[in-house]
Amino acid sequence: MEILVAGGAGYIGSHMVKMLVKAGHVVTVLDNLSTGHRSLAKYGELVEGDLADTALLDNLFAQHDFKCVVHFAAFSLVGESVTNPAKYYRNNVCNTLNLLDAMVKHDVLNIVFSSTAATYGNPVYTPMDEQHPQSPINPYGASKLMVETLLQVYAKAYGLNSVALRYFNACGADPELELGELHDPETHLIPLVLQAASGRRDSICIFGEDYPTEDGTCVRDYIHVLDLCFAHQLAMQAMLSGQLSGAHCFNLGNGEGFSVKQVIDAAQAMVAQEGFNIKVQQAERREGDPAVLVANADKAKQTLNWQPQYTDLTTILRHAWEWEKKQPGLVGRNFVY
Ligand code: UDP
């Protein structure tokens, strides 16, 4: 089956493409390589292009017989979305509109959309289910919520089927080590912790130790990138089999929270076995960080029959660590000898 993966050269998209190709699908990757990497586009056929380019989209859909689109192409830095909201609304919303219009025009009526827990904003209760109010507190979350709204009205007006997957904290790497996280700048906790271990960074800063949590640091729901991708595959199958029609949304998380300190301690215990050490520093709270973000993902488990496989924090850290050790810049200055 032919599938288009927009943003397939990024972190999550590249794992998705590999999974789809291994399952026997013919995958076209559309990526402008603004945050994606040619080195991650190992599977599928890469078309270097932008969703702003409506002529390119028209040609692509005319030339292929796509049965489904999986859409990851978006900017995702919360801080940048506050200082440059135009960039976020233009790319994440306007360009997605181009994609949806091309789909409708060419009668490709199934899409899996990469949404986010950031559409909820500050938690009113936790764990959060899909009924939790959506009240984003930054333009990134707002831009993703706008697309969810578009998907709902496109379902009614044009018969577009969609599954919006609201990710909690994506992490981990391909256990075969072909793919992994390659963000620049890197802002996420787990890769930063591991870079502090490998020596690519001096230390990891804990952003705030005075939150109302057990150890004072923020609690998050870390979900392995492969588990996210399994859910996309199931969502796609549910639409193609006719089990799901119209617009749907699901949370994707483990349902278990780990604090920043717990993540650092688990990473420290793992890397210490290989003689590495992680230097930890205290820092001010980062603006916009809720104390606890944990998913209730029962709906995805029940409806999609999704069962996350890599729920163990050390397994997640192990995959990310093996990937980190493959990166250039591992100088070993943090060896404890
Ligand atoms: N965090 C931290 N130090 C860092 C990066 C992140 O203490 O250098 C904390 C951050 O404040 C949050 C958690 O780690 O509580 C996860 O942050 P991340 O940016 O990975 O994901 P987010 O939850 O913001 O999507």
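The values are calculated or read from the model by the stated rules, or taken from the named source; none is laboratory data. Since this is a predicted model, take the numbers as computed values, not measurements. Using ideal geometry, Cβ is built from the backbone for each residue, glycine included, and neighbour counts are taken over all protein chains shown. Areas reflect the complete protein model, heavy atoms only, side chains present, ligands, DNA and RNA absent. Shrake-Rupley method; radii C 1.70, N 1.55, O 1.52, S 1.80 Å.
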Could you tell me how many of the residues in region 42-57 are in contact (Cβ under 8 Å) with a residue 12 or more places away in the chain, open to solvent by 20 Å² or more (accessible area, probe 1.4 Å) and among the small types (Gly, Ala, Ser)? 2
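Taking region 228-276 on its own, how many of its residues are closer than 25 Å to ASP312 by Cβ and touching a helix residue (DSSP H, G or I) at 6+ places or on another chain (Cβ under 7 Å)? Before the answer, list the steps.
Taking region 228-276 first, the residues closer than 25 Å to ASP312 by Cβ are 228-235, 250-276.
Remaining after also requiring touching a helix residue (DSSP H, G or I) at 6+ places or on another chain (Cβ under 7 Å): 228-229, 231-235, 250-252, 258, 260, 263-264, 266-267, 270-271, 276.
Residues meeting the conditions: 19.
Based on what the data block shows, is PHE250 more than 16 Å from the ligand (Cβ to nearest atom), touching a strand residue (DSSP E or B) at 6+ places or on another chain (Cβ under 7 Å) and either under 13 Å from ALA196 (Cβ atoms) or modelled with pLDDT under 95 (or both)? Show your work before the answer.
On the way: more than 16 Å from the ligand (Cβ to nearest atom): yes; touching a strand residue (DSSP E or B) at 6+ places or on another chain (Cβ under 7 Å): yes; either under 13 Å from ALA196 (Cβ atoms) or modelled with pLDDT under 95 (or both): no.
No; evaluated as a whole, the condition is false for this residue.
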As an exercise: evaluate ARG201 against (1) away from the ligand (no atom under 14 Å from the Cβ); (2) free of Cβ contacts under 8 Å to residues at least 40 places away in the same chain and give the number of the one condition it does not meet. (1)
Considering only region 245-274, state which residues are in a loop (DSSP other than H, G, I, E, B) and either open to solvent by less than 10 Å² (accessible area, probe 1.4 Å) or of a type in the set (Asp, Glu) (or both). GLY253, GLU256, GLU274
Among the residues of region 266-288, count how many are away from the ligand (no atom under 13 Å from the Cβ) and over 23 Å from the mean Cα position of the chain (by Cα). 10
Tell me the helices (runs of 4 or more DSSP H) entirely within region 77-183 that contain at least 3 residues that are under 30 Å from PHE258 (Cβ atoms) and away from the ligand (no atom under 16 Å from the Cβ). none
